[in-house]
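The values are calculated or read from the model by the stated rules, or taken from the named source; none is laboratory data. Please read all numbers here as calculations on a predicted model, not as lab measurements. Here the Cβ positions follow ideal geometry from the backbone for every residue, glycine too, while neighbour counts run over all protein chains shown.
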Amino acid sequence: MPSVNAAVLTAPGRLEMREFPAPTSGEDDAIVRIEAAGLCGSDVEQVRGEDPRAVLGVVPGHEPVGIVESIGARAAERWGVGVGDRICVEVVVPCRDCDKCAAGIFTECRQSLGSYGYRPFPSPTPLIGGFAERMYVHPNSLVHRISREVPVAIAAMYNPIAAGIRWAVHLGGVGPGDIVLVMGAGQRGIAAALAAKAAGAAFVAVTGLSRDAHKLAVAREFGADATIDAETEDVPARFLELSGGRAADVVVDVTPVALQPVQDALEVTRIGGTIVFAGLKNGRPAPIPPDQVINKSLRILGARGVDWRSIEDAIRLIESGEHPLEHMHTHSFGLADAAHALDVLAGEVAGEHAIHVAIVPGQESAR
């Protein structure tokens, strides 16, 4: 029987290459040949054991893009895809029985079966993550078709682009004429700036650290009107200077761990404005003065991942070819280099300036 290679998380900080029997599909499921798996900060935390929820023995990779290699008749009818189609698979495997699923809010499923690349769910194979040559697609999964004309590294950006759209526009409500501050210059912060400008924002500023100069440059390419170095500048004062004295209608915070952006967001948002918190602080308490929230009549939202609508909107944006998304993709690595790829994404490899990084199983090791 032919075998399939995959990277398995065997211990904190250790990815081990293993071979598995090639999976097969039944009437209700499918097998995908993985073209690429996008990486994000949560992959770094998962693999390094910094996330206490991480499970050992899994194949990581929750942003997979691939070609349908085999699919059952019922699955093809349910998902509207067939052999040869390129698809992405949403991370959560919903129960499809609870009230949230009935309402189409699958990301809030009350009895989720698990998640791709992270939390195991019932499967005939361990190949349920994107760090593999093949991946099993469960019958309850949510899948989206992406054009095969799109370069694979760009197609693998569907998740961060969807996050930017959802957090800035769907949740934040950015619209024509708005003044916007995006705090954090990673791939999702850049995507939020892009989404805000596409929605008609009049002014968008993006913050970053001094070492993020390359990211801030891409943010400007994607439409940001200004960028702010949060290490050397007073963010609220500089923002108000750049915006001509107008406070922000919408602030989106995607910074990980840092607490100062929470205070900056409260200070710089206008009366009646909206703050979207999307950057996890790893349990660090961030005091939010109730009087400031009340007196400014602030709308504060927490953003948890992406959903069907935002992924569909992201795919349309990607397929339009209207934006230089190739400038955000900086690195592709073969499957055997997955651990190194995570180090590059984390900014821990000298001379490498990463933004969007992808694992491409068909690519040979570069080291």
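Take the conditions (1) among the β-branched types (Val, Ile, Thr); (2) surrounded by fewer than 19 Cβ atoms within 10 Å (Cβ to Cβ); (3) within 24 Å of Tyr158 (Cα to Cα); Ile294 misses just one of them, which is (3). Contact annotation: no residue pair with Cβ atoms under 9 Å, 6 or more positions apart or on different chains, pairs a residue in the stretch 10-24 that is not assigned by TED's automatic domain parsing to the domain that holds Ala338 with a partner that is in a loop (DSSP other than H, G, I, E, B) and of a type outside the set (Ser, Thr, Tyr). Restricting Glu108, Glu63, Glu50 to those that are in contact with a Gly (Cβ under 6 Å, 6 or more places away or on another chain) and either buried (at least 23 other Cβ atoms within 10 Å of the Cβ) or at pLDDT below 95 (or both) reduces the list to Glu63.
If the condition is being in a strand (DSSP E or B) and closer than 13 Å to Phe203 by Cβ, then the stretch 225-243 contributes Ala226, Thr227, Ile228. When Pro52 is tested against the conditions (1) touching a residue at least 24 places away in the same chain (Cβ under 8 Å); (2) on the phi < 0 side of the Ramachandran plot, the lone failure is (1). Residues of the stretch 146-202 that are part of a helix (DSSP H, G or I), among the β-branched types (Val, Ile, Thr) and more than 21 Å from Glu326 (Cα to Cα): Val169 alone. Do we have any residue at all in the stretch 315-327 that's at negative phi, over 24 Å from the mean Cα position of the chain (by Cα) and outside the structural domain of Ala354 (by TED's automatic domain parsing)? For the stretch 315-327, residues at negative phi, over 24 Å from the mean Cα position of the chain (by Cα) and outside the structural domain of Ala354 (by TED's automatic domain parsing): absent.
Counting the residues of the stretch 245-271 that are out of contact with any strand residue (DSSP E or B) (no Cβ under 8 Å at 6 or more places or on another chain) and either over 17 Å from Ala303 (Cβ atoms) or in a helix (DSSP H, G or I) (or both) gives 6. Of all the numbered requirements in (1) surrounded by 21 or more Cβ atoms within 10 Å (Cβ to Cβ); (2) hydrophobic (A, V, I, L, M, F, W, C); (3) out of contact with any helix residue (DSSP H, G or I) (no Cβ under 6 Å at 6 or more places or on another chain), Ala168 misses one, and that requirement is (3). Selection of the stretch 244-286 for residues being under 14 Å from Ala205 (Cα atoms) and under 17 Å from the mean Cα position of the chain (by Cα) yields Val252, Asp253, Val254.
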